[in-house]
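Colleague: Provided herewith is a single structure, encoded as structure tokens, for subsequent inquiry.
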Amino acid sequence: MNVTGTKVSALSLASIKAKKELEAQQQHHQKHREELPSEAFNETDMLLQWNKFAQKMTDTGKRLLATYMQMNDPTLNGTIITLELPNQSTKEEFLTGCHELLGYLRGKLHNHDITIEVVVNEAVENKYAFTPQEKFERLKQINPTIELLRKTFDLDV
């Protein structure tokens, strides 16, 4: 098919013309891509815009994407933003909705070379404390002096 949508033989002059027109359009698009801004930015600027977008998602009812965005702080390496998520399913869910985020960050940070990379780290998942002993051990990790408090007042766990 050529530009007008009619069928054209692959060996005809019209197909050669259509092919050249398509190549010219692709070259024009490539030139346009090179003209896009690629200003430098730092991790603080990126985190600020990241959190603003997460808040925007929360306000518009897209809380799942906002939750994934706020599970961990993303890190910046050049123009690659890396986010750690706890499992493959959250990674897939995040990637389906991150196109809007990527466009937002590219616009706000004036850099169209930005990419988002998602890393699955199953060790990120939090272990929840259910029993009183587990809760006490968790508090002791946060503040070791709680053991002194327990001993001083002869408290049970």
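The values are calculated or read from the model by the stated rules, or taken from the named source; none is laboratory data. As the structure is a prediction and not an experimental result, all values here were calculated from the model. Don't worry about glycine lacking a Cβ; one is built from the backbone with ideal geometry, like all the others, and counts go over all protein chains shown. Keep in mind that these areas ignore ligands, DNA and RNA; they rest on the heavy atoms of the full protein, side chains included. Shrake-Rupley method; radii C 1.70, N 1.55, O 1.52, S 1.80 Å.
Colleague: So the check is Cβ under 7 Å with 6+ separation or different chains; which pairs have a first residue in region 55-68 that's free of Cβ contacts under 8 Å to residues at least 60 places away in the same chain and a second one that's hydroxyl-bearing (Ser, Thr, Tyr) and surrounded by 12 or more Cβ atoms within 10 Å (Cβ to Cβ)?
Modeller: ALA66/THR58; TYR68/THR90
Colleague: Of all residues in region 91-127, which are open to solvent by less than 40 Å² (accessible area, probe 1.4 Å), within 17 Å of ALA66 (Cβ to Cβ) and either in contact with a Leu (Cβ under 9 Å, 6 or more places away or on another chain) or of a type in the set (Asp, Glu) (or both)?
Modeller: Listed by number, the residues that qualify are PHE94, GLY97, CYS98, LEU101, ILE116, VAL118.
Colleague: Give me the residue from region 83-134 that is of a type in the set (A, V, I, L, M) and more than 11 Å from the chain's Cα centre (by Cα) and, out of that set, modelled with the highest pLDDT.
Modeller: In this case the residue turns out to be LEU109.
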